[in-house]
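A short worksheet on the structure shown next.
Nothing in this text is a laboratory measurement; each read-out follows from the coordinates by a stated rule. It should be emphasised that the depicted structure is a prediction, and the values quoted were computed from it without experimental measurement. So basically every Cβ, Gly included, is an ideal-geometry build from the backbone, and we count neighbours across all protein chains shown.
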């Protein structure tokens, strides 16, 4: 959720930021929320004045009772003030909800490193792209020929976007999970196993409304939703907390199954493991002081690069441009592995600094030694999502005889 203080202090900068995001239709929201905020503050001041006046009348009533004086006029005035306060509180509550709704639509300020425009910027490449001396096969062909995956059977029982993986390949999936868990533990991050279902308030805090609705599966008749990433449940874990700054940063990682509808530009059309409705993922997450978030952004990036380098997978790092940057993000980068079957890089990891946007939705604050409170910053990054890493390993390390050499 956007910080109303930034809009009060510099509305033109907020409008310019919206232009950078190519969301000019949202510019009128800035003036609208300013007017609502001004009206809300006036009503709040009026209510505070009336409460003060009511307290004064209460004192007069108590004094009149002691002196055995008539209090009917004072009682009538007190009742009228109470009604006025009640009406104002009803209006301010409604206005607060409308203000929150608008603030959730205004995109986060973007970083100076974010490319302004509609093209992402490649900032690094690592690894040597292999030259094959035989026709390259897809991971689907290889796995089905080896009897290690059955995508037709999963389509029969679950539809597109699901899979059966078997034998040594299924065990490789587990080995990758264990590898990522051990890697993150050695880095000093705390391992957390989270709920796989969250209520609406908690799951909607992680992203914007449209992104959530296009991705999550909801449980009919219950206020529960399957998580699309452990980022959502790790974020929600500290909902409403005020964390001492001496306890920051809090560095977490979590393994979970993830569930996504994948509605939108891509959908689930291709057979295989690259884009699925369920997958295994180890996620990194950090809560930190605002001044430290960019430092930990670089740390998370190093973690992901070291994992890909350990697996000897050629990759590139891409800084996400303003038009593609999620509204809740200040800065984001994708790590993409080389796919010889498509002759292009494909995204396997996503890193984000969300500054205070997510934490504000759930009122997560940090407290300094003097008791001063402020909204803290949150960051998240994929450590390893096994389905796409498995694809990258199979495609890059396939052999002429149809087998796969594991790096």
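The table below lists the values:
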| read-out | value |
| --- | --- |
| Share of alpha-carbon pairs per 5 Å distance bin for the stretch 185-282, given as whole % | 2, 12, 20, 21, 18, 13, 8, 4, 1, 0 |
| Convex hull of the stretch 35-82 built on C-alpha atoms - directionally averaged projected area, nm² | 3.2 |
| Packing-based exposure ordering (other Cβ within 10 Å, fewest first) of 351, 301, 35 | 35, 301, 351 |
| Helix 293-310 vs. the chain, principal-axis angle (Cα, 0 to 90°, nearest 10) | 20 |
| Length-normalised contact order for the chain - Cα pairs under 8 Å, 6+ apart - percent | 20 |
| The stretch 297-332 and the stretch 160-209: distance between their alpha carbon centers, rounded to Å | 18 |
| Folded to 0 to 90 degrees: helix 27-66 orientation relative to the chain principal axis, Cα | 40 |
| For the chain, calculated [θ]222 nm from helices alone, where every DSSP H run of n ≥ 4 adds -39500 (n - 2.57) | -13500 deg cm²/dmol |
| Rounded to 10°, Cα long-axis angle of helix 386-396 versus longest principal axis of the chain | 30 |
| Order of 348, 30, 136 - criterion: other Cβ atoms within 10 Å of each residue's Cβ, fewest first | 136, 30, 348 |
| Against the rule of thumb 2.2 N^0.38 Å, how large the Cα Rg of the stretch 321-407 comes out | 1.62 |
| Where N is the number of residues in the stretch 171-239, Cα Rg divided by 2.2 N^0.38 Å | 1.30 |
| Residue order, fewest to most surrounding Cβ atoms within 10 angstrom, among 116, 14 | 116, 14 |
| By average C-beta atoms within 10 angstrom, highest first, the peptides 21-28, 361-368 | 361-368, 21-28 |
| Kirkwood Rh, angstrom, the chain [1 / mean 1/r, Cα pairs] | 24.3 |
| Cβ crowding within 10 Å averaged over residues, with 376-382, 109-115, 199-205 ranked highest first | 376-382, 199-205, 109-115 |
| Gyration tensor (alpha-carbon) shape descriptor, the stretch 140-204, a/c threshold 1.5 | oblate |
| Mean Cβ count within 10 Å, highest first, over the residues of peptides 254-260, 164-170, 87-93 | 254-260, 164-170, 87-93 |
